[in-house]
Amino acid sequence: MKYPIGIQSFERIIEDGYVYVDKTHLVYDLTHSGGIYFLSRPRRFGKSLLVSTLENYYLGRKELFKGLAMEKLEKEWNVHPVFHVDFNGGNFKNAGELEKKINFIISEWEKQYGLTGHAEELGLGDRFTEVLCAAHEQTGRRAVVLIDEYDKPMLDVLDTDVTLEDRHRNVLKAFYSVFKAADKHLQFVLLTGVTKFSQVSVFSGFNQPKDISMDARYETLCGITQEELDRYFTEQMAEMAATNQCTPEEMRQTLKLQYDGYHFSKKMTDVYNPFSLLNALDSMDIRNYWFSSGTPTYLIRLLAHFKENMNELTGKYYPPEEFIDYKADVERPLPMIYQSGYLTIKDYDMRRNRFLLDFPNNEVKNGFLTALVAAYLQPRKQLSNWIDDVVDALEAGEADTLCTLFTSFLASIPYTMRRKEDETEKERYFQYTFYLIMRLISVYTVYVEKVQSQGRVDCIVETPQYIYIFEFKLDGTADEALQQIEDKGYAREYATDSRKLFRIGAVFSSETGTIGEWKTVTNQ
């Protein structure tokens, strides 16, 4: 089987015999509803392939759809003039680059439809309007406009150059205003991107597009569902299982935990990250393909301004208005974290119209938290090696080794990163440091700040042979921490468990920035 990894051209996938997960029934439904649409999906989630599929459909290339759902659904195959704008490949960090790119694109269209001679007199939006009008008149068909990654010019300069960000917003607003001026010349419009900028945004200059990002009818328009994975890739999963010396069902569950878990509507249909899934099937190996393909630098920049920590964002219910739209405000990064694919919907409370947000899968959780640790703590230790050592110690039941590992890691954090004057901020810093460290250890079941009947335990780690209950204190004593485990009955739920249980009381020293005291009590 040939996997279309990195291939965003529908015609190339079909003509060169790559596997194509048929989404054309959804494309048919979308195109026969008409109007102007906006779709937000994370990067490398198939948006460009969707745009390419739409382009070939509206160009009437019936031969490419042979054997697909569209072949039976479409009867007319009308040919429309298609205007495709792709901001993917541009670098818009310098002033003037955006205007130069749009001017070049429109100039090429003007040549195609014989519109030359007065381009200097008109703005970009008016020139585009004239092109759409000419295309309609010359072909007798209304035009189709497809804009891929409409928000990239904004994301390139987000939180780095406010002046250029405003300039890009105004340029795009003028360019997109064509959709209002040329409405009678338009058959279909789709804008794709990672984020939806609202309020003082590029969308305010034209008829508001219908946002289908959370529309249950189109939630699987991009990505791969469990049903599609089982239908298209059963043999490949079996082959991958044999390579990794496990059963096909174990392989299926491993893929699910690593790459599945996205939900884009109240319907809660599971969607796999297609980039990571296809890479894993191709290489027969489980790795962090999607996260490794690009660092979310703009998110790390935004989180530097944020007054909350990730442990205060994840695992909470939110009204839709708090995470769907993005208002250009660095103090509110939640919508961008969600829309960029680092958080997803995990539950829906219909009575209160609230959505539970959390990490979609292990790949995203591990990658994002590792990036956060590197940015927030700036440790001098190599994170991956340190995590492996911690997992080995947990697996072996070596509580004293854990103390050494925690001490050395905390000691590697520069003093400037942990310097806090306010006592509340000091405690918050150490709590967040502990949260990030423990969330990174995902090989086993890890509960951070687990709520029990008599209190909230700092951390519980469960391995096949051992249970670790941690209670941390800032500038207190290990005995106080152990006493709290006892008084609050944190170990009570494991009373009949046959595994060896460790109660660990540990003290963070705000003076040294590392472990001041560590005591362990076992049940054996």
Practice problem: List every residue pair whose Cβ atoms lie under 6 Å apart, where the two residues are 6 or more positions apart in sequence or sit on different chains, the first residue falls within the stretch 252-280 and is part of a helix (DSSP H, G or I), and the second residue, located anywhere, is modelled with pLDDT of 95 or more and aromatic (Phe, Trp, Tyr). | Solution: Tyr259/Tyr272; Ser276/Tyr259; Leu277/Tyr259; Leu278/Tyr3
Practice problem: Looking for whichever is within 18 Å of Ala399 (Cα to Cα) and at pLDDT 90 or above here; the options are Ile504, Ile441. Which one fits? | Solution: Ile504
Self-check item: Given (1) touching a Phe, Trp or Tyr at 6+ places or on another chain (Cβ under 8 Å); (2) under 16 Å from Val171 (Cα atoms), index of the condition Arg127 fails
Solution: (1)
Quiz prompt | Qualifying positions in the stretch 46-90 - polar (S, T, N, Q) and either under 30 Å from the mean Cα position of the chain (by Cα) or part of a helix (DSSP H, G or I) (or both) | solution = Ser48, Ser52, Thr53, Asn56, Asn88
Quiz item: Regarding Arg231, is this residue among the basic types (Lys, Arg) and modelled with pLDDT of 95 or more?
Solution: yes
Practice problem: Kindly indicate whether Leu64 is surrounded by 15 or more Cβ atoms within 10 Å (Cβ to Cβ) and either in contact with a Lys or Arg (Cβ under 9 Å, 6 or more places away or on another chain) or aromatic (Phe, Trp, Tyr) (or both). | Solution: no
Quiz item: Here are some residues: Val82, Val157, Val131. Which one is under 30 Å from Arg332 (Cβ atoms) and not small (Gly, Ala, Ser)?
Solution: Val157
Exercise. Give me the pairs, please: first residue somewhere in the stretch 70-98 and assigned by TED's automatic domain parsing to the domain that holds Glu55 and at positive phi, second residue anywhere and surrounded by fewer than 12 Cβ atoms within 10 Å (Cβ to Cβ) and in a loop (DSSP other than H, G, I, E, B), beta-carbon distance under 8 Å, and either six or more positions apart or on two chains.
Key: none
Exercise. Would you mind stating whether Lys307 is at pLDDT below 95 and under 30 Å from Ser52 (Cα atoms)?
Key: no
Self-check item: Residue check for Thr254: among the β-branched types (Val, Ile, Thr), within 23 Å of the chain's Cα centre (by Cα), over 22 Å from Ser40 (Cα atoms) and not assigned by TED's automatic domain parsing to the domain that holds Arg44
Solution: yes
Quiz item: Has the stretch 456-475 got any residue that is charged (D, E, K, R), touching a Gly at 6+ places or on another chain (Cβ under 6 Å) and buried (at least 19 other Cβ atoms within 10 Å of the Cβ)?
Solution: yes
Quiz item: When the residues of the stretch 232-259 are filtered to those that are of a type in the set (Phe, Trp, Tyr) and in contact with a helix residue (DSSP H, G or I) (Cβ under 8 Å, 6 or more places away or on another chain), which remaining residue is farthest from Trp290 (Cα to Cα)?
Solution: Phe233
Practice problem: Pull up the stretch 490-515, narrow it to residues that are more than 38 Å from the chain's Cα centre (by Cα) and small (Gly, Ala, Ser), then point me to the one that is farthest from Tyr447 (Cα to Cα). | Solution: Ser498
Quiz item: Quick one: Tyr348 ticks every box in (1) farther than 30 Å from Arg503 by Cβ; (2) crowded, with 20+ Cβ neighbours inside 10 Å; (3) among the aromatic types (Phe, Trp, Tyr) bar one, so which box is it?
Solution: (2)
Practice problem: Exactly one condition in (1) touching a residue at least 60 places away in the same chain (Cβ under 8 Å); (2) touching a Leu at 6+ places or on another chain (Cβ under 8 Å); (3) not basic (Lys, Arg) is not met by Asp29; state its number. | Solution: (2)
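The values are calculated or read from the model by the stated rules, or taken from the named source; none is laboratory data. Values in this document were obtained by computation on a predicted structure and should not be read as measured data. Note that each Cβ is placed from the backbone with ideal geometry, even for glycine, and that neighbours are counted across all protein chains shown.
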